[in-house]
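Written out below as structure tokens is the structure these notes cover.
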């Protein structure tokens, strides 16, 4: 099985478009073959299925919106997040804008038993093969990047044994995600073209997904800084993904506990 790499000049505007253009160039000429199928343990899916609001805590050293956040040691950060109650760990592997690396993902996988998500701008099937090789349990698939190819990449992720967090930001992207048969849909409050955040996006689209009959897991993403911020998605979302506010807190375990306090 294989999937097609994205074209050299994907027509995506704004900040997201610039990053995607760089990632397409990074993987130009990479081998698209996925290799033999691998058994999917569904560890990421299981972690988000626990009662209450599960937390995906992110190892995030920098971002385009904030610049440098914190010089985190990935293994130490992952252990602190898990001690604070995180169900899974998201690890940035994009190097230019987020300070990520393959080594960060491998270090997290080697330090905790909680499943790890490869957080990157997937534009080539080699990135899914890499994620599996590096020990990730799941990969991020962004409808804003992949468009109608999202379903093809979802099948590719499953082929190499990964769960997939299929991310959307608006109603049109949600329709694409629902049509793929995604098992886990993430709703990003941040518009990655402008970097603006609107915390009303996740509750609105999560309700829309349920109204459409979606029975899978739903994840609210971006902009959450406190337990109070989560009130709008508690009881709606199965999980929340939080990066910058935890990564820059200076007390990863304490900040994780405080964020989850409302779900105790």
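Taken together, the values in this text are just the output of simple stated rules run on the coordinates, not laboratory data. Predicted model only: the values in this text are computed from it and were never measured. All Cβ positions, glycine included, derive from the backbone under ideal geometry; neighbour counts span all protein chains shown.
Tabulated data for the structure shown
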{"item": "Per-region count, the range 226-252, residues surrounded by fewer than 16 Cβ atoms within 10 Å (Cβ to Cβ) and within 18 Å of the chain's Cα centre (by Cα)", "result": "0"}
{"item": "Of residues in the range 203-223 being in contact with a strand residue (DSSP E or B) (Cβ under 8 Å, 6 or more places away or on another chain) and part of a loop (DSSP other than H, G, I, E, B), the one nearest to residue 192 (Cα to Cα)", "result": "222"}
{"item": "Cβ-Cβ under 6 Å pairs, at least 6 apart or on other chains, the range 242-258 side in a loop (DSSP other than H, G, I, E, B), far side surrounded by fewer than 19 Cβ atoms within 10 Å (Cβ to Cβ)", "result": "248/70"}
{"item": "Odd one out for residue 181, checked against (1) within 22 Å of residue 46 (Cα to Cα); (2) touching a strand residue (DSSP E or B) at 6+ places or on another chain (Cβ under 8 Å)", "result": "(2)"}
{"item": "Criterion violated by residue 79 - all others in (1) surrounded by fewer than 23 Cβ atoms within 10 Å (Cβ to Cβ); (2) touching a strand residue (DSSP E or B) at 6+ places or on another chain (Cβ under 7 Å) satisfied", "result": "(2)"}
